[in-house]
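J.: Take a look at the following structure, please.
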Amino acid sequence: MNQLRAIGLTFVLLCIGVFLLFQTRPLHARRVARASGRSYLGFDRNIYPGDDALPILRKTFSFAGYWLSPPPGEKTNTWLGKRELLRSQGFGFLLLFRGPQISELQKTWSESRFNRADRLQAQAEKRATSDASLAAAAAKKEGFPPHTVIFLDIEEGGRLPVVYHVYLRAWADQLVGAGYRPGVYCSGMPISEGRGATIITADDIRNNIGSRDLIYWVYNDACPPSPGCAFPQDPLAPSKSGNSHAAVWQFAQSPRRREFTAHCPAKYAPDGNCYAPDDNARKWFLDVNTATSPDPSGAAK
């Protein structure tokens, strides 16, 4: 009888051990997953590289920039209509919409100088509402679902004027109202303001956007922290850009900016551009990014 009781007790303890093992392993797995968060490489360029380029670029990149408007300096947009093809190749997306230049928002729309600041801000809000509506309509037409992130392209660095912050707040609000999430592509580099003071555009925006939830894609191609024209299998996290809040970091640009890239460990091509490792003919110069997701613009689940 005692022997049977001992066997029974052993069996019970074994069952309890198995039960606890299966209960704790998923928790441990989740902790490991959170602790080992990885980054992903992506590319962007103003001109669509062509259908034949996609299988080659996919060997290196998880996502691609995708313009919803003509890029800066262009009158047409060659990316339109390419979403399904890119998606079928396994690419995630970074949606872009061209933002205004500072000078565009600071123009005088009336010969009168009376109350000019208020008038400029009203015009900025009107422009932002129109731009956000166009961006949302283009995203919908291209098949991007609600809650997809659309990044406003701001090329100019440094501290933005008040009128630009008025534009940004109105743009973000209108985009959210249209069912999409606002993001911004901007400088993540410190710019001198004199007397030892510096300003980073991404920080300037964060300090003026209020409680709005904005996704940040920053550019910082200075070496360090940038690795240069490089394609590591384990990319640096966007936070290594010097911007802890960045979800995406553009760390290499084409053509290279020599004043920032002279000390890059990974060199650019002799023509000053950056090319994917398998682009042996050097057909498609591009900018290189790292992100916390293989689909940075992806709709929130």
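J.: Mind checking which residues of the range 193-221 are among the hydroxyl-bearing types (Ser, Thr, Tyr) and open to solvent by less than 30 Å² (accessible area, probe 1.4 Å)?
T.: As a first pass, look at the range 193-221 and keep what is among the hydroxyl-bearing types (Ser, Thr, Tyr): 198, 201, 211, 216, 219.
Those that are among the hydroxyl-bearing types (Ser, Thr, Tyr) and open to solvent by less than 30 Å² (accessible area, probe 1.4 Å): THR201, TYR216, TYR219.
J.: I'm told ASP234 meets every condition in (1) closer than 16 Å to SER62 by Cβ; (2) open to solvent by less than 40 Å² (accessible area, probe 1.4 Å) except one. Can you identify the failing condition by its number?
T.: It is condition (2) that ASP234 fails.
J.: If you don't mind, there's one more thing I want to ask. Test GLY179 against the criterion of being in a loop (DSSP other than H, G, I, E, B) and open to solvent by 50 Å² or more (accessible area, probe 1.4 Å), and give yes or no.
T.: Details: in a loop (DSSP other than H, G, I, E, B): yes; open to solvent by 50 Å² or more (accessible area, probe 1.4 Å): no.
No: the conditions fail for GLY179.
J.: Determine which member of the set LYS267, LYS283, LYS240 is closer than 23 Å to ASP295 by Cβ, among the basic types (Lys, Arg) and open to solvent by 70 Å² or more (accessible area, probe 1.4 Å). Full working, then the answer.
T.: Details: LYS267 fails: closer than 23 Å to ASP295 by Cβ; LYS283 fails: closer than 23 Å to ASP295 by Cβ.
Every option except LYS240 fails the conditions.
Residue-by-condition table, conditions (1) within 21 Å of the chain's Cα centre (by Cα); (2) at negative phi; (3) open to solvent by 60 Å² or more (accessible area, probe 1.4 Å); (4) at pLDDT 95 or above:
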| residue | (1), (2), (3), (4) |
| --- | --- |
| ALA122 | no, yes, no, no |
| PHE144 | yes, yes, no, yes |
| ILE150 | yes, yes, no, yes |
| LEU160 | yes, yes, no, yes |
| VAL166 | no, yes, no, yes |
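J.: Something else now. Do any residues in the range 153-174 that are assigned to a loop (DSSP other than H, G, I, E, B) have Cβ atoms under 6 Å from those of residues that are modelled with pLDDT of 95 or more and surrounded by 19 or more Cβ atoms within 10 Å (Cβ to Cβ), where the two are at least six apart or on different chains, and which pairs are they?
T.: Correct list of pairs: ILE154/GLY99; ILE154/CYS186; GLY157/SER187; GLY157/THR201; ARG159/ASP204; LEU160/ASP204.
J.: Something else about it: Can you name every residue in the range 243-262 that is within 14 Å of the chain's Cα centre (by Cα) and open to solvent by 40 Å² or more (accessible area, probe 1.4 Å)?
T.: SER244, HIS245
J.: So, restricting to helices (runs of 4 or more DSSP H) that lie completely within the range 1-114, which ones have at least 3 residues that are surrounded by 15 or more Cβ atoms within 10 Å (Cβ to Cβ) and modelled with pLDDT of 95 or more?
T.: Details: elements: 2-35, 54-58, 83-88, 102-105.
Counting at least 3 such residues, we get 54-58.
The values are calculated or read from the model by the stated rules, or taken from the named source; none is laboratory data. Not measured: the values here are computed from a predicted model. Virtual Cβ from ideal backbone geometry, glycine too; neighbours counted across all protein chains shown. Protein only, heavy atoms only, side chains kept; ligands, DNA and RNA dropped before computing areas. Shrake-Rupley method; radii C 1.70, N 1.55, O 1.52, S 1.80 Å.
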